[in-house]
Amino acid sequence: MPLDKVDLCELTWPELEKFVVETLCWKRFRAQQIWRWVWAGNVSDISSMTDLSLRDREQLAGSACIGRLRTADVRVSSDGTTKFLLQLGDGELIETVLIPSDAPQRPGDLTVRMTQCISTQVGCPMACSFCSTGKLGFRRNMTMGEIIGQVQAARAYLGDTRPERPIIRNLVYMGMGEPLLNLDAVLDSLKTLQHPHGLAFSPRRITVSTCGIQKGMREFGESGLAYLAVSLHAPNQQLREQLMPRASAWPLDELVASLEDYPLKARERITLEYLVIAGVNDQPEHVRQLARICSRLKAKLNLIPYNPTPGTAYRAPTPEELLRFEKALWQKDITAIVRKSKGQDIEAACGQLRAAHEAGVSRA
Ligand code: SF4
């Protein structure tokens, strides 16, 4: 990436308008043309902006470039889950996953509707004990362009060129990193994704997941730019300290009190994510504690069976253990829904593919 050039993927809408008027000395409305090519058109080269005259394209290319992410590895699971290892401009590697909403009709069928799980940081400072990304440690925050670059890389792979009929229907900020620790870039990315002249994502199709960070949660809620999911994973403070040592610095009681106050839209509910780890957080006392928490909140509970990662002593629940836990929750009037773990044959859990690459076991 030429250092003296502006990366168009890193400009917010007001910044692009300013660049067009002040640097290019063009009329303000022409920002729309560039924005459409960069986001809806997903072009990698300014020469592809064919509704700009040759002279204008040359002028633009003299001061700007389009920084796309390089795909370092792609793995496709037998269930259609597709995991990408992407390389950022400075060589750092991050992960993003496409999860099909329906079963693929045939091997390699990528025309079904997809949910994409995207990353917001390189590594993560939260050090959750069950997570491969937590073990990598924190390297740096991702920029706005890098966050949305994951969507653009997946769209290019899928041949998804029509934002009005997108294959990627839903986005979840649930990949590497803690989004609320990179709040400015996350908010900019949401505004850019939702801009009507670009990808025009609806805020109702985006969920941002936090492990429970005090600073920024209120600001995020008031932005109204996406739904909130909270990774709970433990229904009492002691267990949370063991599973999520950094997140537990904000005591569970205070986290729940703040969720009681969280600004929700009509009919909106907070999603509580609960990784079910056999013998650790799926016992009868945990059902009672979860019931107390859920009774205080407008929330739904997603149960995610643990996807074992190398180097941890945790075990995935058997189908019988999972069903027993789910039934016990329903008996307490908790709406608990089991979310299937997908892509287990391609190291789809957060951070696993990058860790495998670092260990030199790439199959690419
Ligand atoms: S689970 Fe999420 S918050 Fe915890 S270490 Fe992994 S990426 Fe970070």
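Remarks
- A cut-off of 5 Å between modelled amide H atoms, ignoring neighbours fewer than 5 places along the same chain, links His195 with Ala200, Phe201.
- For the stretch 70-358, Kirkwood radius (reciprocal of mean inverse C-alpha pair distance, Å): 19.3
- Rounded percent of accessible protein surface that carbon and sulfur make up, the stretch 70-358, 1.4 Å probe: 50
- The stretch 172-306 - convex hull of alpha carbons, volume per residue in Å³: 108
- For the chain, the 222 nm mean residue ellipticity estimated from helices alone, with every DSSP H stretch of n ≥ 4 adding -39500 (n - 2.57) and the total spread over all residues, rounds to -8500 deg cm²/dmol.
- For the stretch 256-315 versus the stretch 224-252, the gap between their alpha-carbon centres in whole angstrom: 9
- Of Arg267, Arg246, Arg204, the one that fluctuates the most in a GNM where the chain has Cα springs shorter than 10 Å: Arg267
- Using a cut-off of 22 Å between Cα atoms, the listed pairs Lys18/Lys191; Lys265/Lys340; Lys83/Lys191; Lys5/Lys83 include Lys265/Lys340; Lys83/Lys191; Lys5/Lys83 as exceeding that distance.
- Ala61/Val112 FRET efficiency (R0 30 Å; Cβ-Cβ; nearest 0.05): 0.20
- Apolar share of the accessible surface for the stretch 6-65: 53 percent from carbon plus sulfur atoms, 1.4 Å probe.
- Among Cys211, Cys124, Cys65, the largest mean-square fluctuation in a Gaussian network model of the chain, built with springs joining Cα atoms closer than 10 Å, belongs to Cys65.
- Shown in residue order for the stretch 69-79 are the 3J(HN,Hα) couplings computed by the Karplus curve 6.51 cos²θ - 1.76 cosθ + 1.60 at θ = phi - 60°: 8, 8, 7, 8, 6, 9, 10, 10, 7, 4, 8 Hz (x for Gly and Pro).
- Positive contributions from Lys and Arg (+1) and negative ones from Asp and Glu (-1), summed over other residues with Cβ under 14 Å from the Cβ of Ala266, come out at +4.
- Comparing mean-square fluctuations of Ala328, Ala266, Ala234 from a GNM of the chain with C-alpha springs under 10 Å, the top value falls on Ala266.
- Counting only protein heavy atoms and using a 1.4 Å probe, the accessible area of Cys294 comes to about 20 Å².
- The simple spin-label model puts a point 7 Å past each Cα toward its Cβ; for Arg292 and Asp90 those points are separated by 4.4 nm.
- Heavy atoms of Asp282 accessible to a 1.4 Å probe, total area in Å² rounded to 10: 10
- For the stretch 139-170, the residues whose backbone nitrogen is under 20 Å from a point 7 Å from the Cα of Glu15, taken along Cα to Cβ, are 140-153.
- Over the stretch 1-150, the hull volume per residue, using the convex hull of the C-alpha atoms, is 142 Å³.
- Anisotropy class of the stretch 6-65 from Cα gyration tensor, a/c 1.5 cut: rounded
- At an R0 of 30 angstrom, the distance between the Cβ atoms of Arg204 and Asp51 translates into a FRET efficiency of 0.45.
- Note on Trp330: accessible area is roughly 130 Å² with a 1.4 Å probe, heavy atoms of protein only.
- Accessible area in square angstrom per residue, the chain, 1.4 angstrom probe: 45
The values are calculated or read from the model by the stated rules, or taken from the named source; none is laboratory data. Bear in mind that the values here come from a model prediction, so they are computed numbers and not experimental data. FYI the Cβ positions are ideal-geometry reconstructions off the backbone, even for glycines, and counts take in every protein chain you see. When the accessible area is computed, the model is the full protein with side chains, heavy atoms only, and any ligands, DNA or RNA have been set aside. Shrake-Rupley method; radii C 1.70, N 1.55, O 1.52, S 1.80 Å.
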